[in-house]
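Read through the structure below, which is laid out as structure tokens, and then see the notes.
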Amino acid sequence: MEKDFEPLKVRLRVICDRLDPDEQAYFRPLIENFGGGTSEFQRIMRDLGKFGPKISDGSIFAVYREVQHLFEQPRHKK
């Protein structure tokens with residue numbers, strides 16, 4: 001199941017690369033240890049909100065929507 005979330009992890013890694021080094025040190029383990037749980041995902045989304053405009057040059061809402069879609073996609077395959 002964890003491989004189903006690889007597209008999500010790839011996108012989150014790109015976002016993480018945009019963060020400050022201390023934020024990366026905090027956020028990267030959340031990405032790498034992500035197993036698909038809803039509570040894990042909620043924590044990631046909450047943290048994305050804390051990082052604000054650092055996560056995108058464009059619409060932050062579009063990033064949230066994209067990440068949400070990548071999280072839901074494997075769940076709809078079942």
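The values are calculated or read from the model by the stated rules, or taken from the named source; none is laboratory data. Not measured: the values here are computed from a predicted model. No Cβ is skipped: glycine too gets one built from the backbone with ideal geometry, and neighbour counts run over all protein chains shown. Accessible surface is based on the protein model in full, side chains and every heavy atom, while ligands, DNA and RNA are left aside. Shrake-Rupley method; radii C 1.70, N 1.55, O 1.52, S 1.80 Å.
Relative to the longest principal axis of the chain, what angle (0 to 90°, nearest 10) does the C-alpha long axis of helix 38-51 take?
20
Where does helix 60-77 land angle-wise versus the long Cα axis of the chain, in degrees 0 to 90, nearest 10?
Computed tilt is about 20 degrees.
Does anyone have the angle between helix 21-32 and the longest principal axis of the chain? Alpha-carbon axes, 0 to 90°, nearest 10?
Roughly 0 degrees between the two axes.
Using all alpha carbons of the range 14-78, what is the percent of pairwise distances in each 5 Å bin, ordered from the shortest bin to the longest?
Reading upward from the zero bin: 3, 16, 28, 27, 17, 6, 2, 0.
Suppose every Lys and Arg Cβ carries +1 and every Asp and Glu Cβ carries -1, with no other charges. What dipole size does the chain come out with about its Cα centre, to the nearest 20 debye? Walk me through the numbers before you get to the answer.
Details: 14 positive and 13 negative charges, 57 e Å.
About 280 debye.
Could you give the accessible area per residue of the chain, probe 1.4 Å, as a whole number in Å²? All intermediate terms of the calculation are to be shown ahead of the outcome.
Numbers: 4690 Å² over 78 residues.
Solvent-accessible surface per residue comes out at 60 Å².
How large is the accessible surface of Arg13 in square angstrom, using a 1.4 angstrom probe and rounding to the nearest 10?
We get 60 Å² for Arg13.
Taking Lys50 as the anchor, which aspartates and glutamates have their alpha carbon closer than 12 Å to its alpha carbon, excluding any fewer than eight residues away along the same chain?
Glu23
Within the accessible area of the chain, what % is carbon and sulfur when the probe is 1.4 Å and the other protein chains stay in place?
The nonpolar share, carbon plus sulfur, comes to 54 percent.
Roughly what would the spin-label model give for Arg13 and Glu32, points 7 Å off Cα along C-beta, in nm?
Spacing of the two 7 Å Cα→Cβ label points: 1.1 nm.
Suppose a student asked you for the relative contact order of the chain, using Cα pairs under 8 Å spaced at least 6 residues apart; what percent would you report?
On the way: 49 pairs, mean separation 30.3, N = 78.
Computed value for the chain: 39 percent relative contact order.
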